[in-house]
1. Quick check on this structure: which one of 260, 249, 203 is in a helix (DSSP H, G or I), farther than 18 Å from residue 435 by Cβ, touching an Asp or Glu at 6+ places or on another chain (Cβ under 8 Å) and open to solvent by 20 Å² or more (accessible area, probe 1.4 Å)?
2. Any residue that is modelled with pLDDT of 80 or more and open to solvent by 40 Å² or more (accessible area, probe 1.4 Å) - is there at least one of those in the stretch 445-462?
3. Could we say that residue 118 is among the charged types (D, E, K, R), closer than 19 Å to residue 153 by Cβ and out of contact with any Phe, Trp or Tyr (no Cβ under 8 Å at 6 or more places or on another chain) here?
4. Give the residues of the stretch 12-47 that are of a type outside the set (Gly, Ala, Ser) and part of a loop (DSSP other than H, G, I, E, B), sorted by residue number.
5. Mind listing just one residue for me: the one in the stretch 524-546 that is part of a strand (DSSP E or B) and of a type in the set (D, E, K, R) and, of those, surrounded by the most Cβ atoms within 10 Å (Cβ to Cβ)?
6. Within the stretch 168-217, how many residues are at pLDDT 85 or above, among the hydroxyl-bearing types (Ser, Thr, Tyr) and more than 21 Å from residue 281 (Cβ to Cβ)?
7. Is there a residue in the stretch 233-240 that is closer than 18 Å to residue 635 by Cβ, assigned to a loop (DSSP other than H, G, I, E, B) and touching a residue at least 12 places away in the same chain (Cβ under 8 Å)?
8. Given the structure, is residue 136 β-branched (Val, Ile, Thr) and either more than 23 Å from the chain's Cα centre (by Cα) or open to solvent by 10 Å² or more (accessible area, probe 1.4 Å) (or both)?
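The values are calculated or read from the model by the stated rules, or taken from the named source; none is laboratory data. Just so it is clear, the structure is predicted and the values come from calculations on it, not from any experiment. Positions of Cβ are generated from backbone atoms using ideal geometry, with glycine treated the same way; all protein chains shown enter the neighbour counts. Just the protein is used for accessible areas: all its heavy atoms, side chains included, with ligands, DNA and RNA removed. Shrake-Rupley method; radii C 1.70, N 1.55, O 1.52, S 1.80 Å.
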Amino acid sequence: MSLETYGRYQLIKKLATGGMAQIYLARQSGVQGFEKLLVVKRILPHLAENEDFITMFLDEARIAARLNHPNVVQIFDLGQQDETFYIAMEYIHGDDVRKVWKQAERQGTQVPVPLICRIIIEACAGLDYAHKKTDVSGRPLNIVHRDISPQNILVSFEGGVKVVDFGIAKAADQATVTKSGVLKGKYSYMSPEQAQGQPVDARTDVFALGVVLYELLTGTRLFKRANDIQTLSAVTECKVQPPSFIDERLPRDLDDIVMRALAREREERFANARELQEALEGWLLKNKLPSSSVHLAAFMQDIYAERLAREAEEGRLLFTESSQELSQGDVLDKATPNAAKPTRSVRSKATREPLPRVPSRDQMTRAEGVRSGPISQPVALGDEVKPPPTENSLPMQPGLSRTGPLAVLAVAAAVAAGVAAYALVGSSRAHVVVTSDPPGATVRFSGRALDCRTPCTLPAVEAGEHALELVKDGFRPVKTSLAVAARGEQVAPFTLEPAPAAKVVPAALPAEVAVRLTSAPPGATVTIDGAPRGVTPLELTLPEGAAVAVGLELGGYLPEVAQLAVPAGQPNLERAFTLTPEVPVAPKPEVTPKTTTEPKAQRPPEVRPSAVGTVRFVATPYATVECPPYKSFGDTPFGDKQMAAGEYRCVFTNGELGQSKTVQVRVEANEVQKVKVSFE
């Protein structure tokens, strides 16, 4: 079968087709047998007449073509044929970071922390170069990527790291001007200022890199929620626990670097990507951890050994069938680098040259100077390490799927972002995100109350004028007319003004009931809904109709937790509890008292620790956890929970997937138990 000639290139294999473009593995030929593999991305014919889309496509090419750095995928050519534009770009033989994490999991291992740092360091280098790029006159171009995510960072099998897809990047002289307040990028990797439609700069990309670093270290999604509204709200609030709080094997002295990159206020972050790069390099140097590109290549070739061997065989068959004018050996040498001859990826492990071992997370926990403090669950060197969270930990954003054994991930990521961009410019309806300062206002749109609070994403809206109303307690209501553009996505920001002080009329308070709590033996500490209230016997008042959780704890006795419903129309309520000793007390034999004038010495009662255990809940990708009679613990990830010893039926609910799982949990006194649930 002959190869199709397109522009100056021969199209060898179609790799993917999306809503905006087709992606091909291509070959450029020259004199004296010169050949080069690359990737061609060409616009679909029906989009060639869309001027807005063509302008955006050309913006991408103009910006990316100016960048020539080892850590940025390079653009070679921008051309036009048959009234359709195309981009020719660098071919990357490897995988994106999200797929690397999944592949490591399938191999029963994890990406070592030093190699995670190396990936982010190299991405920092590429971004810092783009951020500081100037034109020929020395004027800063002010390029900001604005869509950094695991899918847009590639790792090659030679240990290289490349940032890809500047398709929605913003430069000072960009032809298409982004309207103020328009959101572009993946919501779960946005910075707080980007989510609020504010101007962005290099620190926005630093924040996104911090999110990628956090998720790779912990194996959990940081801001991803059940829907876009909740995700934007989580980004805006930016409440982040240190990574070592999520996974105790992570070194605590890495927390400060991650948390600084994820600071809510941009002034508190690293000023640029280079500062984050230097901080991670300094941490690796201080702890003497091997993390070179050689180690990264060895790790990639180990976890992808089967794929590389399979590509060698399928490459022969593929190119023998599709191109008769090239010899089999020539094609293999060029199409599948290092696949036709023995390589580290296909040789037996016994023949490989030794490399310094990159420590696993459990080994790093014991590394001198890396982390101090006791380890609750020690793991000896060489012990099997449990796989990291499932592939839902870093889910694929909507985009193109790979086809064929030789995937060009750089372009696949670019097409994914392009599809999202075309969805904005090609739709006949607009998508509007209403925000307010402060957030949490109720939205009424076109006379209809919506079941969401700001930031609130409106349903697809026809172009024109629409009535909009925002209401929030303590602030003046906003009533205005909102002009909606014909298509795309826009943000409508509002600042709420405090309402004038009004005369407060005391509301009728619910009647209160006098409640008396007693215990046998007395002296137990009492908590109401988790808040300490005193010791038994205890008298307090509770409102009629209230339903509270009553907890009692006393040294030497099992904790008691019970639900207490306060009835209406009953002025007094008494509830008695009988506490159970931790160890049953055997009946004492009867002893004939001795006749003595000296009083018998009284031995003080033995005080035993409370029967409370620690439970660590882990859910992939996330879940709301309830363990009655305890109230909901909220969405994972959260900290360890102290629970009374006993049996519980804990319910894990993932609202995004519409799934629930019930797990029988046994809590042992003074022990730590880990409960893991996966929604796959």
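1. Sole residue among the options that is in a helix (DSSP H, G or I), farther than 18 Å from residue 435 by Cβ, touching an Asp or Glu at 6+ places or on another chain (Cβ under 8 Å) and open to solvent by 20 Å² or more (accessible area, probe 1.4 Å): 260.
2. No: the stretch 445-462 contains no residue that is modelled with pLDDT of 80 or more and open to solvent by 40 Å² or more (accessible area, probe 1.4 Å).
3. yes
4. Scanning the stretch 12-47 gives 20, 34, 44.
5. Here the residue is 533.
6. 5
7. Yes, the stretch 233-240 contains at least one residue that is closer than 18 Å to residue 635 by Cβ, assigned to a loop (DSSP other than H, G, I, E, B) and touching a residue at least 12 places away in the same chain (Cβ under 8 Å).
8. Values: β-branched (Val, Ile, Thr): yes; either more than 23 Å from the chain's Cα centre (by Cα) or open to solvent by 10 Å² or more (accessible area, probe 1.4 Å) (or both): yes.
When the stated conditions are applied, residue 136 passes them.
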